[in-house]
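Engineer: Here's a structure for you.
The values are calculated or read from the model by the stated rules, or taken from the named source; none is laboratory data. Nothing here was measured: the structure is a model prediction, and the numbers come from that model. Ideal geometry is used to build each Cβ from the backbone, glycine not excepted, and the neighbour counts take in all protein chains shown.
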Amino acid sequence: MKQQWNTGTYDKDMSFVSHFGESLIGLLRPQQGERIIDWGCGTGDLAAAIADQGAIVTGIDASQEMIQAARAKYPDLSFKLADGQTYIAEQEADAVFSNAALHWMKDADKAVASITASLRTGGRFVAEFGALGNIASIVDGLPRVFAAIGAGDKLQLPWYFPSIGQYATLLEQHGLTVDLAYCFDRPTPLEGGDQGFRQWVNTFANGVLIGLDCISQEKIKRCL
């Protein structure tokens, strides 16, 4: 099922996504006049931060809701509705930047092929996303609770969480040189206890639950 985004809730209650991505811009080192693509730009906050340093930024995202919100917030920037697994830039970019998006692109081979095809020779790729073990209790628990309510055949996990070895190998297979790859723990406390967790599920996992009736959805939320 397709993930649906409530951009108001995303910006208000899940602002940590962009906040944690701000340090990544230091690794990107955007330069005046560079063409940079924000691959999975969400509501555009980090694209705007990169543009503030003088780069020419294009944000792409597969979510119509995200792109509409980004255009409304930053009307002077360029945002395109595009699938990062198939998009190829018309003009090669100096850099591709991505924060908390690539783990939503399950066809990682196509995503990396699209990224490399969009980069100029000598261009750079800087990204942060969920790795092997990310939200492990949820990833491991969903099959169990779906099976418990007799809906095991309806479960489709929307995420791809690779190891460093898996993703570095994939990048190299597509001609990129891996200078730095680091897997780090980033505990993210959710405010509000159970209610905070429910809000997380409603925001990031509604595509998993959308095919179930309301009673089944509530059972799963209680059991996770």
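Engineer: Going by the structure shown, is Ala168 surrounded by 12 or more Cβ atoms within 10 Å (Cβ to Cβ), under 19 Å from the mean Cα position of the chain (by Cα), part of a helix (DSSP H, G or I) and hydrophobic (A, V, I, L, M, F, W, C)?
Structural biologist: Values: surrounded by 12 or more Cβ atoms within 10 Å (Cβ to Cβ): yes; under 19 Å from the mean Cα position of the chain (by Cα): yes; part of a helix (DSSP H, G or I): yes; hydrophobic (A, V, I, L, M, F, W, C): yes.
So Ala168 passes the test.
Engineer: Here is a further query. Might you check whether a residue that is closer than 21 Å to Ile60 by Cα and at pLDDT below 95 occurs anywhere in the stretch 147-159?
Structural biologist: Step one: filter the stretch 147-159 for residues closer than 21 Å to Ile60 by Cα, giving 158-159.
Subsequent filtering for residues that are at pLDDT below 95 retains 158-159.
Taking every residue of the stretch 147-159 in turn, at least one turns out to be closer than 21 Å to Ile60 by Cα and at pLDDT below 95.
Engineer: For the stretch 104-135, what are the residues that are over 19 Å from Leu28 (Cβ atoms) and part of a helix (DSSP H, G or I)?
Structural biologist: Of everything in the stretch 104-135, those that are over 19 Å from Leu28 (Cβ atoms) and part of a helix (DSSP H, G or I) turn out to be Trp104, Ala108, Asp109, Lys110, Ala113, Ala117.
Engineer: Within the stretch 176-197, can one find any residue that is surrounded by 17 or more Cβ atoms within 10 Å (Cβ to Cβ) and outside any helix (DSSP H, G or I)?
Structural biologist: Initial filter on the stretch 176-197 (surrounded by 17 or more Cβ atoms within 10 Å (Cβ to Cβ)): 176.
Then keep just the ones that are outside any helix (DSSP H, G or I); that gives 176.
So far as the stretch 176-197 goes, yes, one or more of its residues are surrounded by 17 or more Cβ atoms within 10 Å (Cβ to Cβ) and outside any helix (DSSP H, G or I).
Engineer: Just to verify a result, which residue in the stretch 198-224, among those that are part of a loop (DSSP other than H, G, I, E, B) and either β-branched (Val, Ile, Thr) or at pLDDT below 75 (or both), is surrounded by the most Cβ atoms within 10 Å (Cβ to Cβ)?
Structural biologist: Just the residues of the stretch 198-224 that are part of a loop (DSSP other than H, G, I, E, B), to begin with: 205, 210-213, 224.
Checking the rest, the ones that are also either β-branched (Val, Ile, Thr) or at pLDDT below 75 (or both) come to 210, 224.
Details: Ile210: 12, Leu224: 15.
Per the stated criteria, the residue is Leu224.
Engineer: Please work out if Leu142 is farther than 30 Å from Glu34 by Cα and in contact (Cβ under 8 Å) with a residue 60 or more places away in the chain. Reasoning before the result, please.
Structural biologist: On the way: farther than 30 Å from Glu34 by Cα: yes; in contact (Cβ under 8 Å) with a residue 60 or more places away in the chain: yes.
Yes.
Engineer: Okay, next question. Can you run down the residue pairs with Cβ atoms below 6 Å, 6 or more apart or on separate chains, where the first is in the stretch 21-33 and surrounded by 11 or more Cβ atoms within 10 Å (Cβ to Cβ) and the partner is assigned to a loop (DSSP other than H, G, I, E, B)?
Structural biologist: Pro30/Gln53; Pro30/Ala55
Engineer: Still on this structure, I have one more. Is there a residue being acidic (Asp, Glu) and within 20 Å of Ile210 (Cβ to Cβ) anywhere in the stretch 135-149? So that I can check it myself, show each step before the final result.
Structural biologist: Narrowing the stretch 135-149 to residues acidic (Asp, Glu): 140.
Then drop every residue that is not within 20 Å of Ile210 (Cβ to Cβ), which leaves none.
Checked the stretch 135-149: no residue is acidic (Asp, Glu) and within 20 Å of Ile210 (Cβ to Cβ).
Engineer: Yes or no: the stretch 155-165 includes at least one residue that is over 30 Å from Cys214 (Cα atoms) and surrounded by 14 or more Cβ atoms within 10 Å (Cβ to Cβ). Full working, then the answer.
Structural biologist: Restricting attention to the stretch 155-165, the residues satisfying the condition of being over 30 Å from Cys214 (Cα atoms) are 162-165.
Right, trim to surrounded by 14 or more Cβ atoms within 10 Å (Cβ to Cβ) and you get 162.
The answer is yes, given that some residue of the stretch 155-165 is over 30 Å from Cys214 (Cα atoms) and surrounded by 14 or more Cβ atoms within 10 Å (Cβ to Cβ).
Each row is one residue, and each column tells you yes or no for (1) at pLDDT 95 or above; (2) surrounded by 20 or more Cβ atoms within 10 Å (Cβ to Cβ); (3) not aliphatic (A, V, I, L, M).
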{"site": "Ala108", "(1), (2), (3)": "yes, no, no"}
{"site": "Ala113", "(1), (2), (3)": "yes, no, no"}
{"site": "Ser118", "(1), (2), (3)": "yes, yes, yes"}
{"site": "Val139", "(1), (2), (3)": "no, no, no"}
